[in-house]
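Below is one structure, written out as structure tokens, with a few remarks after it.
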Amino acid sequence: MARTSRPSSVLGRLLEAAGYRLDSRNEAVLAVRSKDRRAVVIVGTVRSPMEVEMLFPPDAVHRTVVYDDEPGPVARTLAADRGIEVLDPSNLGSALGELLLPSPIGPVEASPDPSGGPSLEPPFALAPEGERTVRPRIGRAEAETLAGIEARRYTLRLVPFYVAAYRVRPPSLQGAPSPTLRQLVAVNAVTRHGEVWNDGDRELVGEVEGPHQRLLPQLAEAQAAPIARETIRRHHTVHVDHTEQHGGALVIETRRIAPTEEDVRLGPFVLLYVPFWYAEGSDGRVVLDAVSGARIAAPDLGPA
């Protein structure tokens, strides 16, 4: 199947849609997102990381260079020494989710106690009534480029998710009261898989243009609540190393500490439909998140 564009040009459009500002510099493209100070340099030819490093803003927190081809072990070593992440076609797909979506660290609220904050409102409360579908950012052409297989069929599926805002007080390593975090939890109403979202990552629309399938929920809203709570507690679990001396041996035990049930406040659920591209070909099936473009592991939901 013929590709409609080079991966680098597709990546530039995805980064721009994800809030990056693009700037062409010296036969390279610099993409900068101010909200989390991420910077990505896309180069069409193999160039030394020392040369590429000069293109990054001095205040960039996370720096990534994307090559169209394998840069070689010397370039990878030089980049690692400078704290620069290196991506090429072999590992770009698995890293897209982290590049396109904001940092998973949620916003800190003023109250240190989740029970002392205001009551939770449903997520996307400002969206007009009826806008309950997440807008795809990845079109058919981008999906063909990112899938990497000769697929005879591409299907856009809208998968139902129960989504709720929550507040949580994560465990503190020092024992002091932790600040309260506010994020979103989403439960797939077909697979029962739970995940944590950041508020504002996804744009809602009333309907999606073009051919698509809208799946029906296979899970009742009441069944989503315990899955959501367990997802929240697992996501905010901290790992603490406990050291003890036994004779002449030093034993280090890693303990996992999760928030208690009292440390979690879960808001009401809203049923949203999230888009995924299903590509099916002779090499198998690939499922892409139609918002971030990242490959995901998904169970069989029927023929694509």
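The values are calculated or read from the model by the stated rules, or taken from the named source; none is laboratory data. Bear in mind that the values here come from a model prediction, so they are computed numbers and not experimental data. Quick reminder, even Gly has a Cβ in these numbers, built from the backbone with ideal geometry, and neighbours come from all protein chains shown.
Quick check on my filter: what residues within region 149-198 are among the basic types (Lys, Arg), at pLDDT below 90 and surrounded by fewer than 21 Cβ atoms within 10 Å (Cβ to Cβ)?
Listed by number, the residues that qualify are Arg152, Arg153, Arg182.
Would you point out the residue of region 160-219, among those that are β-branched (Val, Ile, Thr) and assigned to a strand (DSSP E or B), that is nearest to Val240 (Cα to Cα)?
Val168
Just to be sure before I move on: is Thr145 among the polar types (S, T, N, Q), under 27 Å from Arg33 (Cα atoms) and either at pLDDT 85 or above or in a helix (DSSP H, G or I) (or both) in the structure I sent?
Yes, satisfied.
When the residues of region 209-245 are filtered to those that are modelled with pLDDT under 90 and of a type in the set (A, V, I, L, M, F, W, C), which remaining residue is surrounded by the most Cβ atoms within 10 Å (Cβ to Cβ)?
Taking the candidates together, the pick is Val238.
Kindly provide the set of residues from region 25-61 that are in a strand (DSSP E or B) and at pLDDT 85 or above, ordered by number.
Result: Ala28, Val29, Leu30, Ala31, Val32, Arg33, Arg38, Ala39, Val40, Val41, Ile42, Val43.
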